[in-house]
1. Expressed in nm to one decimal, what extension gain is obtained for the pair Leu20 and Arg94 from 0.36 nm per residue of sequence separation less their Cα-Cα distance?
2. Any chance you could look up the accessible area of Ser86 with a 1.4 Å probe, heavy atoms only, rounded to 10 Å²?
3. Which order do peptides 92-100, 126-134 fall in by mean Cβ count within 10 Å, highest first?
4. Quick one: which of 35-48, 7-20 comes out on top by average Cβ neighbours within 10 Å, and what's the full order, highest first?
5. Using the Kirkwood formula over every pair of different C-alpha atoms, what hydrodynamic radius in Å results for the range 97-146?
Amino acid sequence: MAKSENPIDIYRRHQRKKELKKNKTSRIQARDAKVAATRTVEEVQAEISALERRRDRFGKKVDGHAGGHDDDDRHNDSERKEGLDSAQIKKLERLRKELKIVTAATKERQAQLEQRQLEEHKELLAKQKTVEGVKKINEEKYSLVQ
């Protein structure tokens, strides 16, 4: 069935495409935020290395195999040489992206921690400059009750 040339239908199709694009973007951002919050660099690196070992191990076995291939098998042969199927290749690509995300999130958390520690140190120094501040520090440290 041909698409209608009605301007209203064209507008609705365009709006639907925009909505789908926006939803896709928000899903990707939500997934990336979840990954950054829950995964560690070591976990992601371990999964990547496991897939790469599998790719290398199975890739060597297939490369050693000689045989004739027709045109349809040539496309599958490139995947066989890698030792991974298409789903695993996509997973490896996603894991590499996750590694970048997790690494960036880890660096940001570390920078925030250092900033917080610096602010706490400045507050401590400011308290130490006044007699009242020193009394408060001593009370907190030694739990003195007046």
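The values are calculated or read from the model by the stated rules, or taken from the named source; none is laboratory data. Everything numeric in this text was worked out from a predicted model, so none of it was measured. FYI the Cβ positions are ideal-geometry reconstructions off the backbone, even for glycines, and counts take in every protein chain you see. The area values use the complete protein model at the heavy-atom level, side chains included, leaving out ligands, DNA and RNA. Shrake-Rupley method; radii C 1.70, N 1.55, O 1.52, S 1.80 Å.
1. Contour length minus the Cα-Cα distance gives 24.5 nm.
2. That residue has around 60 Å² of solvent-accessible surface.
3. 92-100, 126-134
4. Details: 35-48: 14.2, 7-20: 10.2.
With the highest mean Cβ count within 10 Å placed first, the list reads 35-48, 7-20.
5. On the way: mean 1/r = 0.0753 Å⁻¹.
Hydrodynamic radius (Kirkwood, Cα only) of the range 97-146 equals 13.3 Å.
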